[in-house]
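See structure below.
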Amino acid sequence: MTTTTTKALELAPPEVTVERLEGGTLLLRSPRPLEPYPRCLGERLEHWAAVAPDRVFLGEKAAAAATEGEAPRWRTLTYGAARSRARALAQGLLRRGYARSGGVMILSDNSVEHAVLALAAMHVGIPVAPISPAYSVMPGELTRLRAIAARVKPGLVFAEDASRFARALELIREVCPGVHVVHRLDELPETPGESLARAHAAVGPDTVAKILFTSGSTGAPKGVLNTQRMLCSNQQAIAQVWPFLRARRPVLVDWLPWNHTFGGNHNFNMVLFHGGALYIDDGKPAPGLLARTLESLRAHAPTLYFNVPRGFDMLAHHLERDAALRERFFSRLDLLFYAGAALPQSVWTRLTAVARAARGRPVFMSSAWGATETAPLVTSLHFPAPQAGVIGLPAPGCELYLVPKSGKLELRVGGPGVTPGYLDMPEATAAAFDERGAYITGDAGKLADPEHPARGVVFDGRLAEDFKLTSGTWVNAGKLRLAVIAASGGVAQDAVVVGEGRDAVGLLVFPGLAACRALVAAAAGDDSAAALELPALIRDARVRAALTRGLSAYNAQNSSSSRRVARALLLEEPPRIDAGEITDKGYINQRAVIERRARLVDRLYAEPPAPDVLALA
């Protein structure tokens, strides 16, 4: 396989075939065929347990530090031990008849126990349904969890923390009488026998491995059927576009939740496929939790680092200020990878700068695009891109259709990585596919250079997020959002673009706590801002002035009504996961924010402008 090299990183060359179909639709495919892949993920566990039984597969923090300032201890699980535990658990699941039930539901966060149970169930063809912990602990009536439990009808529910999930378990017992609940896996293992071997041999490409529920950013969560074909073909495609994974096994320090396809399929399965190591980060890009991520990164240097744009924005702040962390983080890093949302160009630039400071050269910045329904990878950025926004080219085996719709090109997908449908939702399944049988994503994209298609596809937002002003002018919300974040002078960590049915575009701005503190501290010449919280920061004249300057400079270059920002409002309350405003991955649900904060949208447009509203000339 001919490859290009970026600083000794072996990558597949950028190649694509373009077929023009009727109605202006473009069909993009890799000219390289998808090579054979395993019938199931269990084959990879068996392989690595046989050839490298003592190699570390998974690691997690064993306990908090004994004294202040001391690093926490870590416990690890080898491939040999993982296979032994998974096989014994699988035998126990079979004996108890869970293969005849709706399978195994997991409420817990990422953990070694979570991983072993999931591997055990999939090893013998029992579906696993990992559920967002937020659905179990949010206040209220847990309506999402109730609907999910009624649809899955699990035979077994695993909740590692009995007290944390007590209310959720009570609800599940009510919805699914007779369900077996466990908090420890000790009671499940059995001595492997012939039934285990028969069940494992019967697992094939069409066997449902997982039921992953969508984040609900476009409606109520739907249970996406993930087959072994989807998971294994996806990893084979990744292996072909990133051949360097064969040369050096991946080491990940990763927080991304396994109830989502990014962390649970793309990342976890990549480690298993290539015999790598995954150290479970118990933090996330959220106030009070990022410190745990930094702690994990000081303990283990990754070779690949995956995150969402919000996470990279928060991490960049610490990499810029902590030389020891920066040196450790980049000590053996091959690439940085973002997905889940578009990365602001300002964050791309900062990451490139800190990488150069640590190693004397930039780090390879990669991305991809896909969905829960595509396991997830469809396109991969396996070649250098000049800036953020390029999502790469179709991976081997993937068919990418660019279909004209609403003035954009909607992305639709075919290939072995596409789901057969949704759990017990025939109408939703039928509506998810077009007349060609391609999955309709609702995302938009376009060629970075129509004259040179191999330069990649650019993500062009979600069709459902775009809207019209009263003038009838369409507003490209996704593109505008990235531009204003980049122009905000660091004040805006994220923003929601509003203005549907209004005369002009407005912004609800989620401030970046660390960046705002740094701005105030720099202006004051001391560190008095270190203790300031958002309510005080968003009222600070220096923060408001910085945002006003940035947006005014942006407006000077964007005078059209669809691009110009008329007003902005800094938000005191961060996005709430329990209200559906933000997913586990840190992606803002624009519709949920606008609906929940409708009063603030009205305040944004009120006349005369309220004192806290920035009215831009």
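The values are calculated or read from the model by the stated rules, or taken from the named source; none is laboratory data. Given the structure is predicted, the values throughout are model-derived calculations rather than measurements. Counting neighbours? That spans all protein chains shown, and the Cβs are built from the backbone with ideal geometry, glycine included.
In the range 520-528, is there at least one residue being part of a helix (DSSP H, G or I), of a type in the set (Asp, Glu) and at pLDDT below 90? Even if it seems obvious, please write down each step before you answer.
Here is the first cut: in the range 520-528, the residues part of a helix (DSSP H, G or I) are 520-524, 528.
Then drop every residue that is not of a type in the set (Asp, Glu), which leaves none.
No: zero hits.
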Which of the residues belonging to the range 462-509 are in a strand (DSSP E or B) and among the charged types (D, E, K, R)?
-> ARG462, LYS468, ASP494
Which residues, counting only those in the range 567-592, are crowded, with 21+ Cβ neighbours inside 10 Å, under 21 Å from ASP466 (Cβ atoms) and among the small types (Gly, Ala, Ser)?
-> ALA568, GLY580
Given the conditions (1) of a type outside the set (D, E, K, R); (2) within 20 Å of ASN110 (Cβ to Cβ); (3) surrounded by fewer than 18 Cβ atoms within 10 Å (Cβ to Cβ); (4) without any contact (Cβ under 8 Å) to a residue 40 or more places away in the chain, and given that PRO72 satisfies all but one, which numbered condition is not satisfied?
-> (4)
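Of all residues in the range 323-372 being among the charged types (D, E, K, R) and touching a residue at least 24 places away in the same chain (Cβ under 8 Å), which is nearest to PRO394 (Cα to Cα)? Don't jump to the end; show me each part of the working.
If we filter the range 323-372 for residues that are among the charged types (D, E, K, R), which is where we start, we get 326-328, 332, 334, 350, 356, 359, 361.
Checking the rest, the ones that are also touching a residue at least 24 places away in the same chain (Cβ under 8 Å) come to 326-328, 332, 334, 350, 359, 361.
Values: ARG326: 33, GLU327: 34, ARG328: 33, ARG332: 28, ASP334: 22, ARG350: 28, ARG359: 31, ARG361: 28 Å.
Filtering the range 323-372 for residues that are among the charged types (D, E, K, R) and touching a residue at least 24 places away in the same chain (Cβ under 8 Å), the one nearest to PRO394 (Cα to Cα) comes out as ASP334.
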Do we find a residue being crowded, with 18+ Cβ neighbours inside 10 Å, of a type outside the set (D, E, K, R), closer than 30 Å to PRO453 by Cα and at pLDDT 95 or above anywhere in the range 37-48?
-> yes
Need at least 1 residues that are among the small types (Gly, Ala, Ser) per element, so show me which strands (runs of 3 or more DSSP E) inside the range 135-213 make the cut, counting only ones lying wholly within it.
-> 208-213
Looking for whichever is in contact with a Lys or Arg (Cβ under 7 Å, 6 or more places away or on another chain) and over 29 Å from LYS284 (Cα atoms) here; the options are GLY92, GLY97, GLY102, GLY155. Which one fits?
-> GLY102
Are there any pairs, at least 6 apart or on different chains, whose C-beta atoms fall under 8 Å, with the first in the range 179-200 and under 25 Å from GLU46 (Cβ atoms) and surrounded by 18 or more Cβ atoms within 10 Å (Cβ to Cβ) and the second modelled with pLDDT under 95 and among the small types (Gly, Ala, Ser), and if so, which?
-> ALA199/ALA99
Residue list for the range 519-570, restricted to those being charged (D, E, K, R), over 22 Å from ARG599 (Cα atoms) and more than 29 Å from the chain's Cα centre (by Cα) | ASP526, ASP527, ASP540, ARG542, ARG549, ARG564
Taking the residues in the range 252-288 that are under 23 Å from GLY512 (Cβ atoms) and part of a strand (DSSP E or B) as candidates, determine which candidate is nearest to the chain's Cα centre (by Cα).
-> ASP254
Of the numbered conditions (1) in a strand (DSSP E or B); (2) surrounded by fewer than 18 Cβ atoms within 10 Å (Cβ to Cβ), ALA220 satisfies every one except a single condition; which is it?
-> (1)
Selection within the range 223-248 - more than 21 Å from ALA121 (Cα to Cα) and assigned to a helix (DSSP H, G or I) | GLN236, ALA237, ILE238, ALA239, GLN240, VAL241, PHE244, LEU245, ARG246, ALA247
Taking the residues in the range 352-377 that are in contact with a Leu (Cβ under 6 Å, 6 or more places away or on another chain), hydrophobic (A, V, I, L, M, F, W, C) and not in a loop (DSSP other than H, G, I, E, B) as candidates, determine which candidate is farthest from ARG229 (Cα to Cα).
-> VAL354
When you look at SER163, is it crowded, with 16+ Cβ neighbours inside 10 Å and of a type in the set (Gly, Ala, Ser), yes or no?
-> no
Can we say SER296 is at pLDDT 95 or above, of a type in the set (Ser, Thr, Tyr) and assigned to a loop (DSSP other than H, G, I, E, B)?
-> no
Residue count, the range 201-217 (criterion: modelled with pLDDT of 95 or more and either surrounded by fewer than 16 Cβ atoms within 10 Å (Cβ to Cβ) or in contact with a Lys or Arg (Cβ under 6 Å, 6 or more places away or on another chain) (or both)) | 5
Show the residue pairs that are 6+ apart or on different chains and have beta-carbon atoms under 6 Å apart, the first residue being within the range 504-518 and modelled with pLDDT under 85, the second being not in a strand (DSSP E or B).
-> ALA514/HIS317; ALA515/GLY490
Could you grab me the full set of residues in the range 558-596 that are assigned to a loop (DSSP other than H, G, I, E, B), touching a strand residue (DSSP E or B) at 6+ places or on another chain (Cβ under 8 Å) and under 24 Å from LEU145 (Cβ atoms)?
-> PRO574, PRO575, ARG576, GLU581, ASN589
Any idea which of (1) surrounded by 21 or more Cβ atoms within 10 Å (Cβ to Cβ); (2) out of contact with any Leu (no Cβ under 7 Å at 6 or more places or on another chain) is the one GLY397 doesn't satisfy?
-> (2)
Filtering the range 80-112 for residues that are surrounded by fewer than 20 Cβ atoms within 10 Å (Cβ to Cβ), assigned to a loop (DSSP other than H, G, I, E, B) and within 30 Å of the chain's Cα centre (by Cα) leaves a count of 1
Residues being assigned to a helix (DSSP H, G or I) and more than 15 Å from ARG549 (Cβ to Cβ) - total across the range 510-519 | 4
